[in-house]
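A short write-up of the structure that comes next.
The values are calculated or read from the model by the stated rules, or taken from the named source; none is laboratory data. Source: prediction; values computed, not measured. All Cβ positions, even for glycine, are placed from backbone atoms using ideal geometry, and neighbour counts span all protein chains on display. Each accessible area value is taken on the protein alone, full model and side chains, heavy atoms only, with ligands, DNA and RNA left out. Shrake-Rupley method; radii C 1.70, N 1.55, O 1.52, S 1.80 Å.
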Amino acid sequence: MVADVKERTEGRTLRLFTSDDYPAYKTAIERVCGADVTAAPGGGASRRMVPEKVVPPELTYAAVEKRRRRGRVVEILVRLIFGTMAALALALRLSRVSRRVNVSFLERYHATDRHKNARKVRKTYTFSKDWRVHESMTYFTMYSYNFC
């Protein structure tokens, strides 16, 4: 998904990424948006130098963590993963849709996606046996929701 966003924005760095607290997003953003940096060798000559992914300094990524007690949200925490607080404040000030870091648009989209695509409905037997069919249905659902 992150690679698809980068491709659609023609490689431009977005002002702000937000997501829920799922840890795979951080890894995906590092892999897709990060540049390979090889550290200077230190120690023995037999050590292999493995490039490390470093995200650009202008990239800002914040995650929303919802703490629950007895099935109810009792606290919402916002964590800055990449970037600076000044860059986060600027991105929120320039936003046309929100002044806070939230994932309400993403949650609404996921609920609509599950509603429109029976293959993603929770606790049911409607599933895709073939990944290509599942992916095609996902793109069709995204297209019909966003452009029709």
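Once the Cα atoms are used to define both axes, helix 24-33 deviates from the longest principal axis of the chain by about 60 degrees. Structural descriptor for the stretch 1-114: relative contact order 24 percent, calculated from alpha carbon pairs under 8 angstrom and at least 6 residues apart. Relative to the longest principal axis of the Cα atoms of the chain, helix 104-116 runs at roughly 50 degrees. Applying both filters, DSSP loop and at most 12 other Cβ atoms within 10 Å, to the trypsin sites (Lys or Arg not before Pro) of the stretch 91-143 gives ARG96, ARG99, ARG100, ARG122, LYS123, LYS129. When the helices of the chain are scored as -39500 (n - 2.57) per DSSP H run of n ≥ 4 and the total is divided over every residue, the value at 222 nm lands at -12000 deg cm²/dmol.
From the largest down, the chain spans 56, 40, 38 angstrom on the principal axes of its Cα atoms. The C-alpha atoms of the chain define a longest principal axis, and helix 131-147 lies at about 80 degrees to it. For the chain, the solvent-accessible area of protein heavy atoms averages 79 Å² per residue (probe radius 1.4 Å; ligands and nucleic acids excluded).
Summing Cβ point charges (Lys, Arg +1; Asp, Glu -1) relative to the Cα centre of the chain gives a dipole of roughly 780 debye. In the calculated pair-distance distribution of the stretch 74-120, the portion above 16 angstrom amounts to 56 percent of the Cα-Cα pairs.
Counting protein heavy atoms only, the chain has 54 percent of its accessible area on carbon and sulfur, 1.4 angstrom probe.
Here LYS129 is the anchor, and the lysines within straight C-alpha reach of less than 27 Å, apart from those fewer than 8 places off in the same chain, are LYS116, LYS120. Overall, the ratio between the Cα radius of gyration of the stretch 98-146 and 2.2 N^0.38 Å, rounded to two decimals, is 1.32.
Residues considered: THR124, THR112, THR84. Largest GNM mean-square fluctuation over the chain, using C-alpha springs under 10 Å, is found at THR124.
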